[in-house]
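Asks: Please read through the structure below; I'll follow up with questions.
What follows draws every value from the coordinates through simple rules; no lab data is involved. In this text the structure is predicted, and so the values were computed from the model without any measurement. Using ideal geometry, Cβ is built from the backbone for each residue, glycine included, and neighbour counts are taken over all protein chains shown.
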Amino acid sequence: MNIFSEVEKLNFPLGEYIVVGSGIMGAYGLKELKDVDIVATPNLFEKLRKSGEWQEVQWTYLDHTEGIFLRRNNVEVYLDVNCGDENPTTEKLIDSAKVINNIPFINFKQCLRFKKAYSKNKPKHFKDIEIIEKFLENNK
């Protein structure tokens, strides 16, 4: 999956969203992506929800069971990605974005912090942590 073409198709306004999860890894060719995870501002999230084009999905993730996120095809849109002690605001995430080809991605250091927080519940993140740490070491 080409992360750039997938996100461009959404036509979301810059400053209203950020690609999170492993998106930055896909952008740099460090991982083959199967889906796109996005955090949106409350304004954009509500607009998408009301459009009727997105499925509302109840949260069922371990310590995050309240509220909904939105899904359409291989894209999921959230209001936050908080996990454990990692609780930056959406505004803070967007402000610290790494913009590549006019698409805002969570930066590698923040991605690493999230992967470490999530790995406590899902060991699948260990490989990503190793890849990111190696990438950061080689690109100081």
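Asks: Give, in nm to one decimal, the length gained when the segment between Arg72 and Asp85 is fully stretched (0.36 nm per residue of separation minus the Cα-Cα distance).
Replies: Extra length available between Arg72 and Asp85 comes to 1.8 nm.
Asks: How far apart, in nm, are the 7 Å Cα→Cβ label points at Lys127 and Asn11?
Replies: Those two pseudo-labels are separated by 3.6 nm.
Asks: Given only helices, namely DSSP H runs of n ≥ 4 each adding -39500 (n - 2.57), what is the per-residue ellipticity at 222 nm of the chain, to the nearest 500 deg cm²/dmol?
Replies: Numbers: 6 runs with 55 residues, N = 140.
Using -39500 (n - 2.57) per qualifying helix, the result is -11000 deg cm²/dmol.
Asks: Continuing with this model, one more query. If you plug each phi of segment 31-43 into the Karplus form 6.51 cos²θ - 1.76 cosθ + 1.60 with θ = phi - 60°, what whole-Hz ³J(HN,Hα) values come out, in order, with x for Gly and Pro?
Replies: Listing the rounded values in order: 7, 7, 9, 10, 8, 10, 10, 10, 9, 10, 5, x, 4 Hz.
Asks: Using the Karplus curve 6.51 cos²θ - 1.76 cosθ + 1.60 with θ = phi - 60°, work out ³J(HN,Hα) for each residue of segment 13-26 in order, rounded to whole Hz, and write x for Gly and Pro.
Replies: Per-residue couplings from phi come out as x, 4, x, 10, 7, 8, 7, 10, x, 8, x, 5, 5, x Hz.
Asks: Give the long-range amide H neighbours of Lys31: residues separated by 5 or more places, or on another chain, with amide H under 5 Å away, using H modelled in the peptide plane at 1.01 Å from N.
Replies: Here Gly26 satisfy the definition.
Asks: So for segment 3-107, if I pair up every lysine 8 or more residues apart or on another chain, how many of those pairs have alpha-carbons under 22 Å apart?
Replies: 8
Asks: Further question on the same structure: Between Leu136 and Lys34, how many nm apart are label points set 7 Å from Cα along the C-beta direction?
Replies: 2.6
Asks: For the peptides 33-45, 14-26, 89-101, what is the packing order when you average, over each peptide's residues, the other Cβ atoms within 10 Å and list the highest mean first?
Replies: 14-26, 33-45, 89-101
Asks: Cα convex hull of segment 1-75: how many Å³ per residue? Each step should come with its number before you reach the end.
Replies: Values: hull volume 7.9 nm³, N = 75.
Measuring per residue, one finds 106 Å³ for the Cα hull of segment 1-75.
Asks: Roughly what % of DSSP beta bridges within the chain run antiparallel, to the nearest 5?
Replies: In the chain, DSSP labels about 75 percent of beta bridges as antiparallel.
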